[in-house]
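One structure, pasted below without further comment.
The values are calculated or read from the model by the stated rules, or taken from the named source; none is laboratory data. Since this is a predicted model, take the numbers as computed values, not measurements. Don't worry about glycine lacking a Cβ; one is built from the backbone with ideal geometry, like all the others, and counts go over all protein chains shown. Protein only, heavy atoms only, side chains kept; ligands, DNA and RNA dropped before computing areas. Shrake-Rupley method; radii C 1.70, N 1.55, O 1.52, S 1.80 Å.
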Amino acid sequence: MKKLEQNKKNNKGFSLVELIVVIAIMIVLVAVLAPVFTKYVEQSRRATDVQNANTIASAILVDVADGGDSATSVAVTEVTTTASLKSVPKVKGTVGDDTKFYYEYNATDNTVKVYVGNDTTKDWSGDLTDDAYAANYKNNTDKVSTTKLTVK
């Protein structure tokens, strides 16, 4: 009986070695999972950009249909507030701090293309309203490869 009571007194918790092993295992798990988590966060941001681009395209088409904007073709132009779009969302993907949404309206076939890009270099990425490009944009974890468009 005395031996059992003595064991209870000596058993005060975890040893220092046990705690260090647990901390080391947690550090390894964080090191392995952090890049994967970061990738999914970036994919989510880019998916938001694609959704915002579709919203912008719809808003511009609504404004054209309502006669708010002229029904003539528009070259690549920065998206600003319109009657249907009270505020312009910010680009969330990692394509640069000065990156904005741009659009191009074609009156002949009544289509709108929405891009993300930088006005200072006149470089814009591909059309986010195009399903194939949008899928590539969402899955790309690097900066978007830009294609030069002719500025009118």
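Restricting the search to the stretch 112-147, which residues are open to solvent by 50 Å² or more (accessible area, probe 1.4 Å), in a strand (DSSP E or B) and either modelled with pLDDT of 70 or more or touching a strand residue (DSSP E or B) at 6+ places or on another chain (Cβ under 6 Å) (or both)?
LYS113
Hey, another quick one. Starting from the stretch 68-81, keep only residues that are at pLDDT 75 or above and in a strand (DSSP E or B), then list their pairs with residues that are of a type in the set (Asp, Glu) and open to solvent by 70 Å² or more (accessible area, probe 1.4 Å) whose Cβ atoms are within a distance under 9 Å, requiring at least 6 positions of separation or different chains.
Pairs that qualify, where the first residue is at pLDDT 75 or above and in a strand (DSSP E or B) and the partner is of a type in the set (Asp, Glu) and open to solvent by 70 Å² or more (accessible area, probe 1.4 Å): there are none.
Here is a further query. If you take the residues in the stretch 39-54 that are more than 14 Å from TYR115 (Cα to Cα) and in contact (Cβ under 8 Å) with a residue 24 or more places away in the chain, which one is surrounded by the fewest Cβ atoms within 10 Å (Cβ to Cβ)? Break it down into steps so the answer makes sense when it comes.
Step one: list which residues in the stretch 39-54 are more than 14 Å from TYR115 (Cα to Cα), which gives 39-45.
Keeping just the survivors that are in contact (Cβ under 8 Å) with a residue 24 or more places away in the chain gives 39, 42-43, 45.
Working: LYS39: 12, GLU42: 18, GLN43: 16, ARG45: 15.
Per the criteria, the residue is LYS39.
Which numbered condition in (1) at pLDDT 85 or above; (2) open to solvent by 70 Å² or more (accessible area, probe 1.4 Å) is the only one that ALA57 fails?
(2)
Still on this structure, I have one more. What tally of residues in the stretch 15-74 results from selecting those that are among the hydroxyl-bearing types (Ser, Thr, Tyr) and more than 27 Å from ALA132 (Cβ to Cβ)?
Number satisfying all stated conditions: 3.
Here's a follow-up. Could you list, in sequence order, the residues of the stretch 98-140 that are in contact (Cβ under 8 Å) with a residue 24 or more places away in the chain, within 23 Å of VAL62 (Cβ to Cβ) and among the basic types (Lys, Arg)?
The one that is in contact (Cβ under 8 Å) with a residue 24 or more places away in the chain, within 23 Å of VAL62 (Cβ to Cβ) and among the basic types (Lys, Arg): LYS113.
Still on this structure, I have one more. If I go through the stretch 89-111 residue by residue, how many of them are out of contact with any Ser or Thr (no Cβ under 6 Å at 6 or more places or on another chain), at pLDDT 80 or above, surrounded by fewer than 17 Cβ atoms within 10 Å (Cβ to Cβ) and assigned to a loop (DSSP other than H, G, I, E, B)?
Of the residues in the stretch 89-111, 5 are out of contact with any Ser or Thr (no Cβ under 6 Å at 6 or more places or on another chain), at pLDDT 80 or above, surrounded by fewer than 17 Cβ atoms within 10 Å (Cβ to Cβ) and assigned to a loop (DSSP other than H, G, I, E, B).
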